[in-house]
Structure formats: structure tokens, C-alpha cells
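Notes for the one structure printed next.
The values are calculated or read from the model by the stated rules, or taken from the named source; none is laboratory data. This is a predicted model, so every value here is computed, not measured. Using ideal geometry, Cβ is built from the backbone for each residue, glycine included, and neighbour counts are taken over all protein chains shown. Accessible surface is based on the protein model in full, side chains and every heavy atom, while ligands, DNA and RNA are left aside. Shrake-Rupley method; radii C 1.70, N 1.55, O 1.52, S 1.80 Å.
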Protein chains: 2
Amino acid sequence: MSGNTTSPSVSSSISQQPDANLLSINTATVRQQWTLDKIIEGCARHEIRGISPWRDQTQALGVTETARLIHSHELTVTGYCRGGMFPGISPQQRQHNNDDNRRAVDEALELNAQCLVLVVGGLPAGSKDLSGARMQVRDGLATLLDYSRSVSMPLAIEPLHPMYAAERACVNTLEQANDLCDELGDNGLGLAVDLYHTWWDPKFFAQIKRAGLRRLLAFHICDWLVPTQDLLNDRGMMGDGVIDIRAARLAVEAEGYRGFHEVEIFSANNWWKKDANEVLMTCKQRHLDCC
Amino acid sequence: MSGNTTSPSVSSSISQQPDANLLSINTATVRQQWTLDKIIEGCARHEIRGISPWRDQTQALGVTETARLIHSHELTVTGYCRGGMFPGISPQQRQHNNDDNRRAVDEALELNAQCLVLVVGGLPAGSKDLSGARMQVRDGLATLLDYSRSVSMPLAIEPLHPMYAAERACVNTLEQANDLCDELGDNGLGLAVDLYHTWWDPKFFAQIKRAGLRRLLAFHICDWLVPTQDLLNDRGMMGDGVIDIRAARLAVEAEGYRGFHEVEIFSANNWWKKDANEVLMTCKQRHLDCC
């Protein structure tokens with residue numbers, strides 16, 4: 001067998017609850033209900049200590065104002081969403097992407113984010129060259145690392161589910177992300193492990209172990225619903241689906257990870273339609289019960 | 001790097017067309033328009049030499065009558081869809097699954113199928129134990145092999161896209177399928193390589209090479225649409241999506257594969273709504289142009 005498919009060391013501690021202080025909210029979770037300033041205030045009001053804002057929301061509010069609000073509410077920015085999207089059909093487009101990624105690093109710095117999360121991009125328009133796109137990702141990442149290392153902003157590669165390989169990210173497994181860390185060096189480079197994207201992977205536990213503490217920069221949670229109605233916006237609240245979230249959380253903690261557990265739920269027909277306070281309270285309870 | 005991500009040997013022969021006689025139609029492709037007897041006659045009329053019938057259609061028409069019709073039209077049964085679904089919540093349910101799989105082998109024999117295609121099954125109802133489901137798959141497969149080998153019916157494990165891990169198949173990569181062949185022996189056991197499920201895999205070409213001629217039992221084609229609107233029934237006709245089908249076909253042929261290229265398209269809002277003759281004619285043309 002080419003990978004360890006089981007998690008024997010964690011199954012015995014299944015009742016061990018997570019640290020409530022480690023809950024973080026990715027702002028996508030309530031973005032349909034609240035603007036970013038309201039989300040920041042809402043997290044603080046609900047005693048949620050971590051937040052991960054998206055770039056478009058941050059730019060709408062203003063990066064400086066976002067940083068000020070987050071700081072005044074004493075929240076930790078567990079990641080900045082997002083950089084990446086490296087591939088492009090022309091050198092000019094790739095240069096444009098690289099420039100934009102540098103700005104994302106600068107914004108992450110101003111927000112005092114723990115890392116810049118990278119959704120690496122998929123096939124350039126009209127292309128079927130997936131191997132080529134993956135090489136462009138590696139090259140773009142190498143270029144960005146020259147800068148991000150110089151300013152000490154860690155980059156977290158987020159492998160996305162293979163159903164997003166064409167349009168969003170051609171890095172689709174933890175193994176690929178670990179391979180990139182091997183190739184480019186893991187000084188200031190690591191992984192954002194999102195269970196929605198990786199729970200199915202037969203090498204999940206082996207690759208978490210391979211990553212180790214040094215590379216585990218972020219841990220994102222939600223659930224995989226059965227059936228899933230939509231490829232993009234039908235993610236489940238923790239406990240409503242089939243992911244063994246606790247086993248995964250214990251696996252990253254077994255490597256020494258003590259960072260936040262970031263809830264990121266895209267849910268057009270359910271959670272995005274509920275009152276945002278109810279969503280945050282549910283996140284808090286489910287975090288304790290299911291993670 | 002843990003796998004060969006490129007296909008340098010095939011990119012130079014991109015213009016090499018496939019053998020038109022190797023087109024096969026999986027009956028799901030026109031199942032909304034025609035009953036199985038009409039599909040058999042339609043394939044023969046369009047000079048399509050291969051067919052892969054589904055079990056429910058075959059049982060509706062009668063296995064013996066299906067075999068008679070297919071034989072009289074001199075079609076090759078390139079695979080029988082499908083056995084598998086090994087996991088179950090109880091030993092009784094797994095025994096039931098095993099018994100049903102033996103009957104599927106018997107039907108495949110009566111149809112003179114080249115292999116029985118296996119969709120191995122996902123999580124049992126209420127379970128989050130994906131590793132356990134995978135062990136149940138291995139055990140069920142081992143049991144079925146005792147029988148299938150005794151009657152010389154090859155079993156073809158079909159890795160399904162990871163988006164089907166929960167409900168349909170927890171074997172989601174060619175590497176997993178190759179691992180199972182290593183573990184259980186590849187006498188009478190191999191792979192059904194369906195590009196819809198595997199095109200995204202960074203190890204695709206390396207695992208085709210690892211499989212080699214002995215394990216390459218079936219080759220299924222269609223395309224991945226951008227965007228894909230539905231998780232189940234929005235597959236594309238060859239050429240309408242982003243899969244480099246020719247590179248994949250040349251890769252299996254580089255291993256010596258000279259079997260059929262089976263078109264399997266689930267398409268609720270497009271191809272299932274068109275006249276079935278038009279669909280078959282389009283399959284023929286696109287097979288030559290894009291495969």
C-alpha cells in the first residue's frame with residue numbers, strides 16, 4: 001500500500017473536545033448576511049477569537065480600517081483569503097497575477113494575518129494542459145516566495161477538491177502540496193488543510209504526518225453533505241455530513257498543531273439564509289460537539 | 001516529486017486518430033431515449049461495434065434475450081455495468097451484497113462481457129468511517145474474486161471521482177485501485193479507467209504506466225464541462241470540456257491497450273434530451289476528432 005489509510009492513534013480519544021478558544025470564522029460563512037465590519041463585531045460579541053477575511057470584503061471596507069477594527073476587537077486573523085490563481089494564458093497575465101499576489105501579501109501583513117491562503121488556480125482559459133498549469137503554479141509560487149519570505153508572511157497552499165481542478169485549483173491533494181513544499185522549501189511555505197477538500201483522500205492521515213507541525217499553517221472545517229446539491233455552495237455545518245472532523249483535528253494536533261479551527265461554509269440554500277447570529281452560535285456549539 | 005505529472009511521450013503524436021472500430025457505447029448515454037433493445041439495434045445500425053449495458057436495463061429485457069440480441073448484432077460487450085457496492089452496515093448486508101455480486105458475474109458471463117465493472121460503494125448509511133469502508137471493499141472484492149476467478153470473469157475496479165466518495169465509491173484514484181491489485185493479485189483483476197473520474201489526478205500518467213497492459217481492462221471517455229452544473233448528470237461530450245482525451249488514450253495505448261473506447265455520458269439537460277440517433281452520430285464524430 002502506498003499510504004497509511006487509517007488513523008489508529010486518534011480513534012481512542014474520540015471524546016476529547018476541542019479548545020473553544022480556537023474557533024475561527026471564515027467570513028464567507030456569513031457574508032450574505034453581514035458586511036465585514038458587522039462580521040468582525042459579531043465574532044467579538046459571540047466571543048469567537050479568530051477570523052479569516054476575504055480580500056474583496058477587506059478591500060471594500062479598506063485594509064487599514066479592517067486592520068484597525070480587527071485589532072480593536074482583539075481578534076486573531078487566522079488566514080487571509082486569498083492569493084494564488086497563478087496560471088495564465090500569457091506571460092503578461094501571469095505577471096499580472098504575480099503583481100496582484102504581492103499586493104495580497106502586503107495586505108496580509110497589514111492585517112497581521114497568520115498566513116496568506118493560496119488557492120492556486122486551474123486551467124488557463126481554453127487550455128487542456130493540466131500538467132502545464134501545475135508547472136505554472138510552481139513557478140508563480142517560487143516567484144511569490146521570493147517576496148513573501150523577505151517580509152516574513154507565510155504562504156499556505158490550500159489543496160482544493162478535485163471537482164475544482166479546472167477552474168479554481170489544480171493542486172488537489174495534500175500530497176501535491178507537500179511535494180511543492182519539498183521542491184520549493186518549507187521556509188515560509190506550508191499547507192492550509194481544509195477538510196471539505198481533503199476528507200476523501202486515502203492518504204489524508206499519512207500526508208498530515210508528512211506535513212508535520214512546520215507545514216500545518218491552517219485548519220479549515222465544515223462538513224460534506226449527502227447528497228451534495230451544488231458543486232460550490234452546498235457545504236454543511238459540522239455534524240451534518242459524513243466527515244469525521246474529530247479524527248482529522250486530533251491528527252493535526254498529534255503533529256503539534258495548536259492553531260485555530262476555521263469554519264468556512266458556503267451554503268446558498270441554508271446557512272446563508274439564516275440569521276447570522278444563529279449561524280455563529282451554531283458554529284460555536286457544533287465546534288465543541290463535532291470537532 | 002511522488003509521481004510523474006507529465007506525458008511527454010504522447011504530446012508529439014497529438015494528431016494520431018483513434019481506430020473508429022474501437023468505439024463503444026455505454027448504454028447510459030442514451031438510456032433516457034431508448035430501451036436496451038433499441039440501443040443494441042441503434043449501435044449496430046450506426047456501425048458501432050461495442051456496447052456496455054447496465055444491469056437494470058439488462059434485467060428488464062432479460063439477460064438471455066439481451067445476450068441473444070447482442071450476439072445477433074455481432075456487438076462486443078466491452079463491460080457489464082455494474083457490480084460492487086461492497087460496504088454494508090451489517091455482516092448480513094455485506095453478505096447480501098456479495099451474493100448479488102456473484103449474480104452480476106453470472107450475468108456478465110452470459111453476456112460474454114470482457115469484464116464486470118465494479119463501482120465499489122461508499123460509506124454505509126450513517127457511517128463516517130471511510131477507512132473502514134475501504135477495508136470492507138477490499139474484503140468484499142477478495143470474496144468476489146474467489147468466484148470470478150473460478151469462472152474466468154475479469155473484474156475491473158473503476159475509481160470514481162472523489163465527489164462520489166460518500167455515496168458511490170470510496171476508491172477514488174488509480175493509485176488506490178493499483179494498490180488493491182497489488183494486494184489481491186491482478187489475476188482476473190484490473191482497472192476501468194474512466195477519464196471523467198480520473199482526469200484531474202496528478203498521478204494519472206504514472207498510474208497508467210504502473211497498471212500496464214495486464215490491468216488495463218476498460219477505458220471510458222466523456223468530457224468535464226466548465227462549469228459543471230450538476231454532480232451527477234452534467235457530463236460532456238468529448239471535445240466540449242477540458243479533458244485532454246487524446247493524451248490519455250495514447251497513454252493507455254502506449255502500454256499496449258488495444259481495447260475499446262467506451263463513451264459514457266450522463267447528461268440530463270443536454271444529450272439525454274436529444275434524438276438518440278443524433279447522439280450516436282455525434283459520439284462517432286467526436287471519437288475521431290477528439291479521442
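Largest first and in whole Å, give the semi-axes of the stretch B:106-147's equivalent ellipsoid, each being the square root of 5 times a Cα gyration tensor eigenvalue.
Over the Cα atoms of the stretch B:106-147, the ellipsoid semi-axes are 26, 11, 7 Å.
Out of all Cα-Cα pairs in the stretch A:235-280, roughly what percent, to the nearest whole number, are more than 18 Å apart?
41
Buried accessible area for the A:B pair, summed, 1.4 Å probe, in Å² rounded to 100?
In total, chains A and B hide about 3100 Å² from solvent.
Quantify, in whole percent, the carbon and sulfur part of the accessible surface of the protein assembly as shown (1.4 Å probe; protein heavy atoms only).
Solvent-exposed carbon and sulfur of the protein assembly as shown make up 47 percent of the total.
How many angstrom lie between the Cα centre of the stretch B:78-112 and the Cα centre of the stretch A:223-239?
Here the two parts' Cα centres lie 30 Å apart.
Report the normalised scattering of the stretch B:16-56 as log10 I(q)/I(0) at q = 0.19 Å⁻¹, calculated by the Debye formula with identical scatterers on the alpha carbons.
-0.53
Starting from the Kirkwood radius over alpha-carbon pairs of the stretch B:146-291, derive D by Stokes-Einstein at 10 °C in a medium of 1.306 mPa s and give it in µm² s⁻¹.
Approximately 100 µm²/s, per Stokes-Einstein.
Given q = 0.23, 0.26 Å⁻¹, what are the Debye log10 I(q)/I(0) values for the stretch B:204-282, with equal point scatterers placed on the Cα positions and solvent ignored?
-1.05, -1.18
Once every DSSP H run of n ≥ 4 in chain A is given -39500 (n - 2.57) and the sum is divided by its residues, what mean residue ellipticity at 222 nm do you get, rounded to the nearest 500 deg cm²/dmol?
When only DSSP H runs of four or more count, the value is -13000 deg cm²/dmol.
How large is the Kirkwood hydrodynamic radius of the protein assembly as shown, in angstrom, based on all distinct alpha carbon pairs?
About 24.9 Å for the protein assembly as shown.
With the label 7 angstrom out along Cα to Cβ, how close does B:ALA254 come to the same site in each of the other copies, in nm, nearest first?
Shortest to longest, the spacings are 3.7 nm.
Once all Cα-Cα distances of the stretch A:29-95 are split into 10 Å bins that start at 0, what whole-number percent is in each one?
19, 47, 18, 13, 3
Over chain B, average the accessible area per residue using a 1.4 Å probe and give it in Å², no decimals.
With the other protein chains kept in place, chain B gives 37 Å² per residue.
Can you tell me the dipole magnitude for the stretch B:37-131 around its Cα centre, using point charges on the Cβ only (Lys, Arg +1; Asp, Glu -1), in Debye to the nearest 20?
Rounded to the nearest 20 debye, it is 240 debye.
Can you list the distances in nanometres, one decimal and ascending, from the B:GLN92 label point to the identical position in each other copy, with the point 7 Å along Cα to Cβ?
7.0
Can you tell me how much longer the chain between B:ASP230 and B:ILE89 gets when fully stretched, taken as 0.36 nm per residue apart minus their C-alpha distance, in nm with one decimal?
In short, 47.9 nm is gained.
For the residue pair A:GLU41 and A:ASN277, what label-to-label distance in nm results when each label sits 7 Å from Cα along the Cα-to-beta-carbon direction?
1.3
If each residue of separation counts as 0.36 nm, what is the full-extension length gain between B:GLN16 and B:ASN187 once their alpha-carbon separation is subtracted?
Length gained between B:GLN16 and B:ASN187: 58.4 nm.
Enter the per residue convex hull volume of the stretch A:32-147, computed from alpha-carbon coordinates, in Å³ rounded to the nearest integer.
Hull volume normalised by residue count: 111 Å³.
7 Å from Cα along Cα→Cβ at both A:MET135 and B:SER72: what's the point-to-point distance in nm?
5.5
I'd like the per residue volume of the convex hull spanned by the Cα atoms of chain A, given in cubic angstrom.
Normalising the Cα hull of chain A by residue number yields 126 Å³.
Let me check something: with ligands and nucleic acids excluded, how do A:SER148, A:SER131 order by accessible area (1.4 Å probe), largest to smallest?
Accessible-area ranking of A:SER148, A:SER131, largest first: A:SER131, A:SER148.
When each copy gets a label point 7 Å from Cα toward the beta-carbon at A:THR35, what are the spacings between them in nm, shortest first?
The answer, with the shortest distance listed first, is 6.4 nm.
Taking R0 as 35 Å, what FRET efficiency do you get between A:SER152 and B:ALA254 from their Cβ-Cβ distance, rounded to the nearest 0.05?
0.15
What's the extension gain from A:ASN269 to A:GLN32 if we count 0.36 nm per residue and subtract their Cα-Cα distance?
Net length gain for the segment: 84.2 nm.
Considering only DSSP beta bridges where both residues belong to chain B, give the percentage that are antiparallel (nearest 5).
So the antiparallel bridges amount to about 5 percent of the total.
Percent relative contact order of chain B, based on C-alpha pairs within less than 8 angstrom and at least six residues apart?
It comes to 21 percent, rounded to a whole number.
Return the residues of the stretch A:174-211 for which accessible area with all protein chains present is lower than in the chain on its own by 10 Å² or more; set the probe to 1.4 Å and exclude ligands, DNA and RNA.
A:GLU175, A:GLN176, A:ASP179, A:GLU183, A:TRP199, A:TRP200, A:PRO202, A:LYS203
Can you list, bin by bin at 10 Å, the percent of alpha carbon pairs in the stretch B:169-218, starting at 0?
28, 62, 11
Quote the accessible area belonging to A:TRP199 in square angstrom, nearest 10, computed with a 1.4 Å probe and with ligands, DNA and RNA left uncounted.
For A:TRP199, the solvent-accessible surface is approximately 30 Å².
What are the residues whose amide H is under 5 Å from the amide H of A:PHE219, where those residues sit 5 or more places off or on another chain and H is modelled from the backbone?
Long-range HN contacts for A:PHE219: A:VAL193, A:GLU262.
Say the cut-off is 19 Å between C-alpha atoms; which of A:LYS128/A:LYS203; B:LYS38/B:LYS274; A:LYS203/B:LYS128; A:LYS209/A:LYS284; B:LYS203/B:LYS284; A:LYS203/B:LYS203 go over it?
From A:LYS128/A:LYS203; B:LYS38/B:LYS274; A:LYS203/B:LYS128; A:LYS209/A:LYS284; B:LYS203/B:LYS284; A:LYS203/B:LYS203, over 19 Å: A:LYS128/A:LYS203; A:LYS209/A:LYS284; B:LYS203/B:LYS284.
Pull out a ≥ b ≥ c, the square roots of the eigenvalues of the alpha-carbon gyration tensor of the stretch B:126-207, then state rounded if a/c is under 1.5, prolate if not and a/b is larger than b/c, and oblate in the remaining case.
It is oblate, given that a/c is not under 1.5 and a/b is not larger than b/c.
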